[in-house]
1. In the P(r) worked out for the stretch 39-207, what percent of Cα pairs fall beyond 23 Å?
2. Taking the Cα centroid of the stretch 105-148 and of the stretch 67-99, what is the distance between the two, rounded to the nearest whole Å?
Amino acid sequence: MREARTRRAVRRAAVVAASAGLAVALAACGAQDSGAGDVVGQGFVSGDGSVKQWEPDDRDAVTVEGTTFEGDEVSTADWAGDVVVLNTWYAACPPCRAEAPDLVDLANERAADGVHLLGVNTEDEAGAALSFQRTFDVPYPSIEDRSGQVVAGLSGVVPLQAVPSTVVLDTEGRVAARVIGEVERSTLEAIVDEVLSEGGGAAAEDDGPEADGAEGA
């Protein structure tokens with residue numbers, strides 16, 4: 001009887017191991033199809049929307065710069081003092097398309113608060129990228145990064161393990177938060193609000209005189 005139980009336990013363990021191996025293989029396929037895994041040289045897996053945040057004292061600064069699909073040069077250094085949201089994407093990526101309307105709304109609604117969005121596309125030719133931008137009426141620029149240099153440089157500071165990934169930089173250009181996979185609107189808004197509340201940005205500057213006036217009254 002003991003031998004029978006042992007054989008059943010071994011069979012169950014084998015099934016679990018095989019299932020786990022299959023799950024890992026399937027998770028890696030979709031992200032690898034983006035080309036980002038090959039570009040950056042690391043094993044990309046499907047994102048699950050997981051969030052990581054860093055306390056101010058634990059943050060590292062990063063500058064992201066490159067050429068947009070419109071041919072303009074852009075650098076996050078030009079937005080010093082404001083909050084920057086970076087988003088990796090490509091046109092045929094289903095979660096990228098799913099989150100695009102929320103990113104567009106964030107860009108339009110929070111620009112006056114000192115929030116800038118910048119896309120990073122590691123996959124598309126200009127035609128596909130610009131078509132995506134027209135389809136979703138994207139108001140912010142995206143860097144063409146088929147060489148992978150921009151993402152590789154960013155990954156040296158904050159690991160990016162899926163497309164899409166979203167990174168929030170604080171007003172000093174430091175990595176404050178990262179979301180792996182499709183980002184929920186409420187989650188991103190909460191992160192942006194929290195980083196804005198730390199100081200700097202147009203919203204904080206606007207609050208200054210009102211606060212002073214209240215104290216004076």
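1. 32
2. A separation of 5 Å, based on Cα centres.
All of the numbers you see were taken from the coordinates with simple rules; none came from a lab. No experiment lies behind these values; they were computed from the predicted model shown.
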